[in-house]
1. State which residue is surrounded by the most Cβ atoms within 10 Å (Cβ to Cβ) when the search covers only region A:147-168 and only residues that are under 12 Å from the mean Cα position of the chain (by Cα) and within 14 Å of another protein chain (Cβ to nearest Cβ).
2. Quick one: count up the residues across region B:853-905 that are open to solvent by less than 90 Å² (accessible area, probe 1.4 Å), more than 18 Å from B:GLU261 (Cβ to Cβ) and aliphatic (A, V, I, L, M).
3. Of all residues in region B:940-962 being small (Gly, Ala, Ser) and either modelled with pLDDT under 85 or open to solvent by less than 20 Å² (accessible area, probe 1.4 Å) (or both), which is nearest to B:LEU234 (Cα to Cα)?
4. Checking the conditions here, which among B:GLU866, B:GLU861, B:GLU880 is of a type outside the set (S, T, N, Q), more than 30 Å from B:LYS331 (Cβ to Cβ) and at pLDDT below 85?
5. List pairs: first in region B:237-253 and within 12 Å of B:GLN959 (Cβ to Cβ), second surrounded by 16 or more Cβ atoms within 10 Å (Cβ to Cβ) and β-branched (Val, Ile, Thr), Cβ under 6 Å, 6+ apart or cross-chain?
6. Does region B:963-972 hold any residues that are open to solvent by 50 Å² or more (accessible area, probe 1.4 Å) and either within 14 Å of chain A (Cβ to nearest Cβ) or among the β-branched types (Val, Ile, Thr) (or both), and which are they?
7. Mind listing whichever residues of region B:19-29 are more than 11 Å from B:SER77 (Cα to Cα) and touching a helix residue (DSSP H, G or I) at 6+ places or on another chain (Cβ under 9 Å)?
Amino acid sequence: MEETTNYNLPKQTHDIFAVMARGNFISSNGTRDGMNRLYDIINNPENFDRLQAYFNVIRYNIERGNNYFYFSRLNEPNSELEKKLERFERYIDIIDLFASMDNKIGVGSRFRPTEIAEECNANVRLKQKLQKIPLYRSETLHNKVREICDLMSRDSFLELEDEKSESYKVLDSYNYLLDIINAIAIYDDAGSEDTQGIVYN
Amino acid sequence: MENNCRILNRIVEINIANVKYTDLELNGNTCFVGTNNFGKTSLQRAILFFYSANTRGLGISSSQKPFEEHYFKFENSYLVYEIQTEQKPFFVIVYRHNKLVFRFVDAAYNPDFFFNENDEALKIKEILAGLDKRGIFFSQQIDTFERYRNILYGTETDKQLSKFYLLKGNEKYQNIPKSITNVFLSSKSSIDSRFIKDFIANSLTTDTSSIKLEQVDRQLRQFNEKYTDIETFLKKESQQLIEFIDKKYDQVHMLKGQQMEMADKLGSSLRYAETQNETVIKASQAKQEELDKLSENYEEQKTQLEEKQKDVREEIGYYDKSIREANKKLKEYKEKNIEAAVEKNTEREKLQVELNIARREYETLTSNVQSIEMKYSALIEQLRNDKTAYINKVNSKTSEIFNHYNELQLLQKNEYSKKETDLKQKREEALNELGAEVTAKQIEYNELKAEEKVIRNTRFYENEIKAQETELADLRAINYKNKSELAIKTNLVQTNQKEWENLENKLKTSLSNQIQKTNNEIIRVKAEIKAIEDKLNVQHDALYGYLEKNVKDWHTTIGKVVNEDLLFRTDLNPTLTDNKDVSLYGVSLKLDDVQVVSKSIEEYQFEKNERLAIIRDLEESLNQFQVSTNEEKMLAADKFGKQLGELKEDIKVLSYSLELAEKREKKLILELEDWKQRANTEIEEALTGNRQKLVIVEEELAVLNKRKNTLLNDFNEQFDKLKTFSEERIADLKNRQETEISELEVEKKNQVKEYEEKEAQLSSEKETNFKAKGVDSKEIKKIDARIKELQEALKEIEQYAQLVNDYLKDKRDIFDKLPDFIQKKEEFVKTANDLTTEIEEIARKYNVKRMELNKQKRAYEEELIEFNNGINYFTKNFRETPVFNKYADIIERAEPKKTNYSVMDLCTQLLKNDSHFNEEYTAFQRYVNEFAGKYRLENHFNFVIRNDATQGEYERFAQNLRSFVNENKIQLSIAETATQISLVTESIATKVKELSGQKDKIQHIISLIAEDFKKAEFEESKLIEYIKIRLEDSDNKVYKLLKRIQEFREENGLIYNEGLFNTDFSTHKNREISTRAVKLLDQLRTAIKEQEQEEIRLQDLFELKFNIKEGLNETGWTHKIDSIGSTGTDILVKAIIYITLLHVFIKESSHRSSSDFKVHCIIDEVGQISAHYLRELLRFAKARNIMMINGLPNKSGLESHYKYTYQFKREENNNVRIFPSIVTEVEA
């Protein structure tokens, strides 16, 4: 049966909730644990409306991005938003690093941490960028990149496609990071002390 | 001795495993006693081998040696089985001849056949020779187990071998060895319905009759992966990405092409600049030399012509002066009325003659009065002389005065003339000076005009424009050709597409017809099967079943006369009457020649199977048809897809080249316009300069003309003044002259009057005297007057004589030559004009040539500057950039060639374009990554791109994707996947059907077992009250899903795969069915994953439940009985069940006529069973013609219940010796 009988919800509702309530994304190009299937289910307009109505009851809102979905909380307190921003902060340097690679890493890209580490090793500018990324204490570049990949996989921006070859794929949710970066407006603080960066979400 | 039935009577082992020789009788219950590892089980296996003849199903684990190697170690290892028959026994020899082979020997076993006199086992050849020698029949070597079993179970058709049977089996005889084997192999298991299920299932099926879930899972995974890939491909986002990739690829490709073209141009320009530098310098120098030479030539020619012109001008001046002077003189002569004077002068001679005549007449008349005359003449003469003297004096004075004034006038005139000449000279000089200036300016003006003409006629950038025009013309020609080709190819695409569609429609129609036809046929056959099944289902309760049970050979009697429908009626209540005669309601019939109309159950079963086979065949052929249709579809897709792909690719290429050509044409037109504009600008610029100069020169000329006019006016004024002054002076002089002369004339007149009065007085005195002397004085007076008149006339003529003479002289010398002078002057003027024209012409030519050369030289110089600037720019600003590295190959390999672009422009453009290219390429790369990222790493389209892929790899990806789309490969993939889903469901359905087909058999077997349990006589011991068994539906989730798939398949036939993905031509129903099919397969896959089961076997198709009551204990309906009572009880129940099973199978699998045989039931380890129970068990078995072969670890008294007891003993050489134990059979 595709739908649960009580609420006429898709039977995967539980799986969807389990993923998104953790703060993770559901991307259309994710293959692990049937993520693409879940995406298709949410993306179905009928399902979407039902799911949205259902989750709204428990004060969750499904947000639709470019080929990905995630939860936001209705009336989210500012403290939560701040936490989100703090979480996001670390990604600025990572995205900067990814965008500076010879072969820019974008949605759908497949790569191995060793490749990035090697490129960083060969390019001083990239190496500095990598070393600048905070929160990681790994000694070798390779391990640092691995930790970044781990973090991004946990946050569902990457997917470990092949454990044997340690090959990662960039998921559509990566667009979320790019969208946020693009939404940051930087003001020159020379003019007024009051001006500050504004983040649109 | 049981000698009235067939039974395995004896087993003889010769050199088998560790047994050197043993000969054991087995025609009764047999017990093997021996501790573990002494060879009990090995011997039991050897016995089992007799029944099963299958080395693999003997329970030998894979770690142990195979049966052949363990048992038949030697060349002379033999297993001999002796079979007792109703007549004489025969035996089978099993030996190894590479593999295990059999021979049937038509004699009772005799050790002499196998051993020589030294008790050594013979070789098979020797044995056979011995048998031959003894005249004993032995069979050919039986090479296969299958044939051996056929012989043993009585289905062999070879007459020589057909007697060597143990029992007559039917088509299911294979169940007998299987059952015996299963009992042996399962005897250690606990009592679980699963075991019974396994037992029944294993007996009914072969190893292959199971559904290997790994295989199904693989098929499902493959299908699912393909399905997901296609689904991903068909998604809107993917299609959008494909479009983006295609577009971006074109852009990137075009930009790359442009960049390469530009790089090639840059390379060409650079090479050209490097190679042409020296040449250009030399060419420039050559042009300078040419210019110098041209100037020199021009100056020389100009000088020559100017010299000539000077001479001509002098001539003109001379003639001009002469003409002017002649005209002046003529004017003067006219003023003096020269014409009248000349006319009068012509009468002079005539007047002179007339005078002379008059004088002579006078003299004649006066000859008579000479003296008077003389006196008076002297007086008059004197007077006249005086008068003449006076007149002369006055005249002289007048003349003096006249001359004096004339002289003064002349002087004045001379002075005037002199002054006029001076002034004229001055004027001429000034005019000449001004004229020279004007001429120079005029020349300059003419030169400028000529230059303008040259400029107007010069075609600037002619080569460039020509090159552009040629390129444009070529481009248009190619365009035209490409457009026609595009039209042709577009038509071809449409034609091919139509053809393809037609073919597909044809295939579709043919497939649906075939499906319809097959389904109809299947429905018909199913109806027949149902009819047969109905018959089979009711046969137990119908007349048929009754006859089967109660009337022997009824088929040959009743079967010939009874209606088939009647046989299966259940409402006939047949009963046997005492009348044993073969009659029909008392009428005896001779039925020998009547054909039997009734059919045996087997025949019905056979018919049913036949029909099932027909359905299978129909489905198979439909499948084949569908596969072949799909193959045809695929072939068509391959053929048309490829053609269409190629055509579409061509069209794309053509469209692209047309697009490029259009752009190029626009660009060329713009460039051409630009060149023309530049040429016009150049002309305009040159003309503007020229015009400005012209204006200046014109202005200067106007100024000069003004100056000339002013000068002329000034001089004219001066001339006028001078003339007026001179005329006034002359007039004054003339006035004074006239006054003085008139005064003198008046005086003279008075004096002359006095003289004339005196003369008149004298004349009158003379007259008077004459009259006096008679002389005609009147006549004399007349003549005298005539003379005076003539003298006056002559005097007047004389007065103008000088002037006329002068005039005549001038006329002769000057005036008559005046026309010649004018003529000559005109000729010289013409020559002068010609010379001017000539000078102008050579000046024009010189200027044109000079300009041309200057232009060429300037072009060379500019080119040189451009070369150097370009090379410098390239070295400083381009060589070190990555763009150079990117196109270094092209730049360095380019041929030196002149291009329309400068190196600097090319470098700048390349750098600019590269940045644009990078932007576009990044977008292109992003789209490719995003697209490839949508698929699994191992997707079957091979849409994979590594992150560190090269540009080439990205481009190849886009090319492949384009081919994929153009060749419509997705349709191939869809067709394949549709076929796959069809094959998967078909395969599942077939397997499930095949497997579930056995369910009826199970049902039958279970009913027989239940029946047999009922018949069991447990009453004696009262130990087991009853054993009940029943079938229930399977709980197996995977099987349930498999079954649903099979039902789905049967319900929907094979058509549903058409709806897979396809929304164009499939109906809504087809799509829905397809979706359901996909969902079912998906669920199955999940279930297989969750259940972790390797295969679905017959036993998974049903659940078996027991209900056993032992004493007061009742288990209730359960599929697993943990413990019924004591271990002994458990073993007993198990053994009872086994025996029942065996009995049922044997009964079912043997021919009905064959009942005189016994088989063995081999159950090891029955040591824990009590003697009482054992007895019960043996009896239970005996009642079912089954002999028990059991194993006991040691002697415990139980062995006394067996007919044969053998003991096992290991000897020193590790050999095992088996010997009979001396016991007495208590009861069996």
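The values are calculated or read from the model by the stated rules, or taken from the named source; none is laboratory data. In this text the structure is predicted, and so the values were computed from the model without any measurement. Quick reminder, even Gly has a Cβ in these numbers, built from the backbone with ideal geometry, and neighbours come from all protein chains shown. Note: accessible area is taken over every heavy atom of the protein model, side chains too, but ligands, DNA and RNA are not part of it. Shrake-Rupley method; radii C 1.70, N 1.55, O 1.52, S 1.80 Å.
1. Result: A:PHE157.
2. Qualifying residue count for the region: 4.
3. Taking region B:940-962 as the starting set, the residues that turn out to be small (Gly, Ala, Ser) are B:949, B:952, B:958.
After this cut, where a residue has to be either modelled with pLDDT under 85 or open to solvent by less than 20 Å² (accessible area, probe 1.4 Å) (or both) as well, the list is B:949, B:958.
Details: B:ALA949: 25, B:ALA958: 17 Å.
Among them, the one singled out is B:ALA958.
4. Checking each option against the conditions leaves just B:GLU866.
5. Filtered contacts from region B:237-253: B:ILE245/B:VAL928.
6. The one that is open to solvent by 50 Å² or more (accessible area, probe 1.4 Å) and either within 14 Å of chain A (Cβ to nearest Cβ) or among the β-branched types (Val, Ile, Thr) (or both): B:VAL965.
7. The answer is B:THR22, B:ASP23, B:LEU24, B:LEU26, B:ASN29.
So that you can scan it fast, the table gives a plain yes or no per residue for (1) exposed (fewer than 11 other Cβ atoms within 10 Å of the Cβ); (2) charged (D, E, K, R); (3) modelled with pLDDT of 85 or more; (4) in a helix (DSSP H, G or I):
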site	(1), (2), (3), (4)
B:ASP320	no, yes, yes, yes
B:ILE323	no, no, yes, yes
B:GLU349	yes, yes, no, yes
B:ILE357	no, no, no, yes
